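Participant: Take a look at this one; I'll ask things after.
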Amino acid sequence: MSDVAFIDDDDLLRAANVQALMLAGLTVTGYASALAALEEIGADFPGVVVSDVRMPGIDGLELFRRLKRIDPDLSVILITGHGDIAMAVDAMREGAYDFLAKPYANDRLLTSVRHALDRRRLVLENRDLKRTVEAASEDMPLLGTTPVMARMRQMLRQIADADVDVLVEGETGSGKEVVANALHRWSRRASNPFVAVNCGALPETVIESELFGYEAGAFTGALKKRVGRIEHANGGTLFLDEIEAMSPALQVKLLRVLEAREIAPLGTNETRRVDIRVVAASKVDLPALVRQGAFREDLYYRLHVAGVRIPALRERRADVPLLFGHFLARAAERFKRPPPELDALVRKHLATHEWPGNVRELVHYAERVALGLVDDLGDELDAPTEPADGTLPERVDRFEAGEIRAALEASQGDIQATVAALGIPRKTLYDKLRRHGIDQSAYRPTRQTAR
């Protein structure tokens, strides 16, 4: 899609302006009439409309009014002769973004267009955020509009009612418990308990009694009967986080629970039937632990009837602004402060940070921004070093993304200069920006809004 729709019935003027904007790194579509533009500009047009006022048929003012009916938040810049300035001022009162009086310098046009693009980008981001958050409040707890997140939500829907045990894999902070909760809420078990146990947080001497429960007198200090977490989850879902921390002895007992669907509390030989669905989660490579003998192979395959992998945040960078906007609004409400305007430092951090702590780290960063606790030093200290491990393609991708970001930073987001510095075609650069989830606008210098 184009950054700019430029409408002027004068072929020479239209061609000159289109060329000037394209040389500045923008994508532009020229139209010889308002009618031609109206056929292609819809409510989710991502760019800015620039139109001459004096045109045959539908003039610029009528075009502006029709566009406002299509999308009241669309940014429209009008080009006027000196005799039409009063009309242009009236149009701005109706919501036009800006007007340029002929003759105008290319820099003046470019500045107005870039300001309008920034405004349009924020409007669309907020609109997408609102749609996604509204959906999330109903049945989408995992925010994100990237294809990988859409596929994951679809997969969760498919297996939620299958009533099979599930293994969820994902890095720290990626939202494994959120996934487990979604599987529970979307299943027929939703009206029954969702019981979460962090296997890595409980001491080995405690976790068995927590899971299986015990009878009064089973051991010193067991004064009364205690129902274990597994039995408490009867009819519902048992979520076992950090399953890799479970001891070998406990792995054997869990395997029996999964195979027989029965438990024997401590202090009794009586077995009790349990109707549970188990969702286990791991932040490490369980097959590697199996190969090392640190995790039972039969337990791994018993848990891995269905597997869900949560993508790291760096693998879905396009979701970062959406997620950050949601978390920032939530933090501002919590701290009873107005959401702050985002400066260049915050935008750059959002676009370039690798987010090793994933969504949890992004939540904490949004809270710091809401409290005004972000500064150059803090962000520099937070910046992670690039990992040296990974496959060769992964390392090549990291290097390529780093070079593109460095070129964008050096050129202050100017696409033409970035293309020249990298020595690649413009289309190739745009393809790579999409693949790596890089937002070129984050590298543009902050400007004051034109009035």
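The values are calculated or read from the model by the stated rules, or taken from the named source; none is laboratory data. In this text the structure is predicted, and so the values were computed from the model without any measurement. All Cβ positions, even for glycine, are placed from backbone atoms using ideal geometry, and neighbour counts span all protein chains on display. To get the accessible areas, we keep the full protein, side chains included, count just its heavy atoms, and leave off ligands, DNA and RNA. Shrake-Rupley method; radii C 1.70, N 1.55, O 1.52, S 1.80 Å.
Participant: Among the DSSP beta bridges whose two residues both lie in the range 1-51, what percent are antiparallel, rounded to the nearest 5?
Facilitator: So the antiparallel bridges amount to about 0 percent of the total.
Participant: Let me ask another. Need the list of lysines near LYS432 for cross-linking: C-alpha distance under 24 angstrom, and skip anything on the same chain fewer than eight residues off.
Facilitator: LYS348
Participant: If you average the C-alpha positions of the range 22-69 and of the range 258-328 separately, how far apart do those two centres end up, in angstrom?
Facilitator: 53
Participant: Ignoring ligands, DNA and RNA, what accessible area per residue does the range 261-310 give at 1.4 Å, in Å²?
Facilitator: So the range 261-310 comes to 51 Å² accessible per residue, rounded to a whole number.
Participant: On to the next question. Out of GLN154, VAL49, LEU373, whose Cα points farthest toward the positive end of the dipole of the chain (charges: +1 Lys, Arg; -1 Asp, Glu; placed on Cβ)?
Facilitator: Farthest towards the positive pole: GLN154.
Participant: Considering the Cα positions of the range 314-354, please state its Rg to one decimal place and its Dmax as a whole number of Å.
Facilitator: Values for the range 314-354 (Cα only, Rg and Dmax): 11.1, 33 Å.
Participant: Report which label in [x] 166; [y] 182; [z] 212 holds the value of volume of the Cα convex hull per residue in Å³ derived from the coordinates of this structure.
Facilitator: Step by step, volume of the Cα convex hull per residue in Å³ for this structure corresponds to label [y].
Participant: With +1 assigned to the C-beta of every Lys and Arg and -1 to the C-beta of every Asp and Glu, and no other charges, what is the dipole magnitude of the chain about the Cα centre in debye, to the nearest 20?
Facilitator: With Lys and Arg at +1 and Asp and Glu at -1, about 880 debye.
Participant: If you average the sequence gap of Cα pairs under 8 Å that are 6 or more apart and divide by the length of the range 277-361, what percent do you get for the contact order?
Facilitator: 27
Participant: In the chain, carbon and sulfur make up what percent of the accessible area (probe 1.4 Å)?
Facilitator: The value for the chain is 53 percent carbon and sulfur by accessible area.
Participant: First select every other residue whose beta carbon is under 13 angstrom from the beta carbon of LEU429; then total the charges, Lys and Arg +1, Asp and Glu -1.
Facilitator: Here the count lands on +2.
Participant: Can you give the relative contact order of the chain as a percent, counting alpha carbon pairs under 8 Å and 6+ residues apart?
Facilitator: Computed value for the chain: 13 percent relative contact order.
Participant: May I pose another question? Would you work out the charge dipole size for the range 9-121 about its Cα centre, treating the Cβ of every Lys and Arg as +1 and the Cβ of every Asp and Glu as -1, and quote it to the nearest 20 debye?
Facilitator: Dipole of the range 9-121, to the nearest 20 debye: 280 debye.
Participant: While we're looking at this one, here's another question. Full-extension gain between ASP73 and ALA406, please, as 0.36 nm times their residue separation minus the C-alpha to C-alpha distance.
Facilitator: 116.5 nm
Participant: Please name whichever of THR172, LEU110, LEU255 sits farthest to the positive end of the charge dipole of the chain, dipole taken about the Cα centre and charges placed at Cβ: Lys and Arg +1, Asp and Glu -1.
Facilitator: LEU255
Participant: To the nearest 20 Debye, how big is the dipole of the range 54-98 about its Cα centre, given +1 on the beta carbon of each Lys and Arg and -1 on that of each Asp and Glu?
Facilitator: Dipole about the Cα centre, nearest 20: 120 debye.
Participant: Can you give me the P(r) profile for the range 205-359? Cα pairs, bins 10 angstrom wide beginning at 0, each as a whole percent.
Facilitator: Here the calculated profile for the range 205-359 is 9, 28, 22, 19, 16, 6, 0.
Participant: Another one. List, largest first, the extents of the alpha carbons of the range 39-121 along their principal axes, each in whole Å.
Facilitator: 32, 29, 22
Participant: Return a whole-number percent for the relative contact order of the range 1-54, with Cα pairs under 8 Å and 6 or more residues apart as the contact set.
Facilitator: Relative contact order comes out at 52 percent.
Participant: Another question, if that's okay. Consider just the alpha-carbon atoms of the range 234-304 and return their Rg together with their Dmax, both in angstrom.
Facilitator: For the range 234-304, the Cα-based Rg and Dmax read 12.7, 36 Å.
Participant: Put +1 on the Cβ of each Lys and Arg and -1 on the Cβ of each Asp and Glu in the range 291-336; which of PHE295, VAL308, HIS326 then has its Cα farthest toward the positive end of the dipole?
Facilitator: So the residue we want is HIS326.
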